[in-house]
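The values are calculated or read from the model by the stated rules, or taken from the named source; none is laboratory data. What you see is a predicted model, and the numbers here were worked out from it, not measured in a lab. Cβ placement follows ideal geometry from the backbone for every residue including glycine, while neighbour counts extend to all protein chains displayed.
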Amino acid sequence: MNKFEYTVTPEQAGNRIDKVLSDVQDDWSRSQIQNWIKDKIVLLEGKPVKSNYKCTTGDEIEIDIPEPEVLDVVPEEMNLDIVYEDSDVLVVNKPRGMVVHPAPGHYSGTLVNGLMAHCKDLSGINGVLRPGIVHRIDKDTSGLLMVAKNDKAHESLVDQLKAKTTTRVYKAIVHGVMPHDQGTIDAPIGRDKSDRQKMTVTDENSRDAVTHFNVIKRFTNYTFVECQLETGRTHQIRVHMKYIGFPLAGDPKYGPSKTLQIEGQALHAQTLGFDHPSTGEYMEFEREIPADMIELLDLLEKRS
């Protein structure tokens, strides 16, 4: 089992414990949390708690998270774009449209299925469904991901993400002509109350989120930008760009219905840098934007 510990913040006081936990951990559904509460593995100050309990500031919550159910995640031979690999880490360029790890409705064809066929030594920290997965990018975002091949490497990479010492630079095409050459969006992100499938900028039950951006080129009605993540919240760039009035082209969740023709949002994780878990050497990798984004930029150039 993995132990999870959390202290309730003043902003969360008065909310039900299942809501607080689901807001803190994006991967946990409220029904899953309620099942854990029924099983008495969610503890408040060391004692089992009821799902309708309303939290107060400073409440100490502990969960002994059970190991994931053993599922038959089948290795699948895939033509993966492996950018770098050694005995500790692997860097892969994920294509747009590929799900990172198995989930309901996606138990095959995921990056994890391909990684399991490519190598047998993946970190087990995230359980059978997400072996080796340290961070993720959305299904319809392309680009670089780091994968841990043992638990020591996994812990090192996670610590670097928490310490904000990794380099994660994205390229994106957004609606509108951005007036500023560069800027920083410092706006907390949390679950959207009206749509649990979305994230939004909010002060309620949110976490700090910071995105830096630079304009690369302006077109008629669109802008090509570079975004660097300081934090790594769910849908961060998509939410932040919408928040400042420049939603991503092709984004089915946060963008307008009338947009450029692309399968998913025009977003690519181009640069990834981190300290090697064993040697401590800083390593940086890059993969240029995919063909579909190049075609869009060519189209915008002609229109302009």
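Hey, any hits in region 235-247 for a residue that's hydroxyl-bearing (S, T, Y) and farther than 24 Å from Q197 by Cβ? No.
Within region 82-116, being closer than 28 Å to I65 by Cβ, small (G, A, S) and either at pLDDT below 90 or exposed (fewer than 15 other Cβ atoms within 10 Å of the Cβ) (or both) holds for A103, G105, S108, G109.
Determine, yes or no, whether R136 is free of Cβ contacts under 8 Å to residues at least 40 places away in the same chain and surrounded by 14 or more Cβ atoms within 10 Å (Cβ to Cβ). Judged against the criteria, R136 is a match.
The residues of region 117-165 that are small (G, A, S), in contact with a strand residue (DSSP E or B) (Cβ under 8 Å, 6 or more places away or on another chain) and at pLDDT 90 or above, listed by number, are S142, G143, A148, A153, S156.
Candidates T259, T271: the one that is polar (S, T, N, Q) and over 25 Å from P179 (Cβ atoms) is T271.
With the structure loaded, tell me whether E60 is surrounded by fewer than 16 Cβ atoms within 10 Å (Cβ to Cβ), in contact (Cβ under 8 Å) with a residue 40 or more places away in the chain and under 30 Å from K50 (Cα atoms) or whether it fails that test. Yes: the conditions hold for E60. The residue that is farthest from D275 (Cα to Cα), among those in region 157-187 that are among the basic types (K, R) and in a strand (DSSP E or B), is K171.
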